[in-house]
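A quick write-up on the structure given underneath.
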Amino acid sequence: MSMATETAGSGVDGDRARFSGLCADVESYYSARVAKYGATPRGVDWSCQATQDLRFVQLLKLCDFSAPFSLNDIGCGYGALCAYLAKRHPQAAIDYLGIDLSLSMVSRARRRFSASGRRFKVGKVSPRRATYSVASGIMNINVGGSRASWEAFVAEMLADLCRASLRGFSVNFIIGEVAGTADADAAPVQLYRTSPQPWIQYCERELGCTVETIDGYGMNEVTLLARCNES
């Protein structure tokens, strides 16, 4: 049995309270970040605009921009992906929904980007099934839980992404095995570092996806493009 399968477990209902606590901690962490740094890459724990955009490039390789599609942006933050799409794909017909745990993030996103075809919602999962779903960085900050509890949470998030996606979803992970402090001036948190292989196997074996990996784009991370069984 793979590590991902073990951490996902069979008692998902029993984990709801624990996941609720993790969600509350994640919401508090990112609300504090955006309050401190504003609607900027630092506000969502990225170092700069260039690396944030580079991650969007990889995640969006999942999408076919030649035809209209719907897109869930899970962990949308202040809506940076909307600005990127407007700049890089201005002619694309995209029905966009951003979802984030933090009301502070969603409020900023609504003020900056709400328009026809662009909506934002506070929550953990998408209320709809879209053509594609993307999640940039939401697996990477473990806000004080054990590694086992965080991996169970990651497994649930991946399953939620799969359920919310008709054609596929994309996520990124920091590569490595050593956990470290995310930011010296933040509350105690850890970067979640992992080999991608257990999560590739989880998406393939447990979620029935075909997975493509993208790496070598200048950062110590990997992007997974998971294409769903459309039956």
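The values are calculated or read from the model by the stated rules, or taken from the named source; none is laboratory data. Bear in mind the structure is a predicted one, so any value in this text is a computation, not a measurement. Using ideal geometry, Cβ is built from the backbone for each residue, glycine included, and neighbour counts are taken over all protein chains shown. Heavy atoms of the whole protein, side chains included, go into the accessibility calculation; ligands, DNA and RNA do not. Shrake-Rupley method; radii C 1.70, N 1.55, O 1.52, S 1.80 Å.
Odds and ends about this structure:
- Counted residues, region 210-231 - those being of a type outside the set (Asp, Glu), modelled with pLDDT of 95 or more and open to solvent by 80 Å² or more (accessible area, probe 1.4 Å): 2
- Residues located in region 20-47, provided they are of a type in the set (Lys, Arg) and surrounded by fewer than 20 Cβ atoms within 10 Å (Cβ to Cβ): Lys36, Arg42
- Within region 195-211, residues that are closer than 12 Å to Leu224 by Cα and β-branched (Val, Ile, Thr) sit with their Cβ atoms under 6 Å from residues that are open to solvent by 30 Å² or more (accessible area, probe 1.4 Å) and not in a strand (DSSP E or B), at 6+ positions apart or across chains, in these pairs: Val211/Glu204.
Table: residues versus (1) among the aliphatic types (A, V, I, L, M); (2) over 23 Å from Cys162 (Cα atoms).
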site: Asp25; (1), (2): no, yes
site: Leu60; (1), (2): yes, no
site: Ala93; (1), (2): yes, no
site: Phe113; (1), (2): no, yes
site: Arg119; (1), (2): no, no
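- Members of region 58-96 that are farther than 30 Å from Ser28 by Cβ and among the β-branched types (Val, Ile, Thr): Ile94
Table: residues versus (1) within 18 Å of Val44 (Cβ to Cβ); (2) touching a residue at least 24 places away in the same chain (Cβ under 8 Å).
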position	(1), (2)
Ala92	no, yes
Tyr96	yes, yes
Arg119	no, no
Gly123	yes, yes
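- Residues of region 136-148 satisfying the condition of being open to solvent by less than 10 Å² (accessible area, probe 1.4 Å) and either touching a helix residue (DSSP H, G or I) at 6+ places or on another chain (Cβ under 6 Å) or of a type in the set (Lys, Arg) (or both): Met139, Asn142
- Residue in region 66-77 that is farther than 26 Å from Tyr217 by Cα, of a type outside the set (Phe, Trp, Tyr) and open to solvent by less than 60 Å² (accessible area, probe 1.4 Å) present: yes
- The set of residues from region 167-209 being modelled with pLDDT of 95 or more and open to solvent by 60 Å² or more (accessible area, probe 1.4 Å) comprises Arg167, Gln197, Glu204, Arg205, Glu206.
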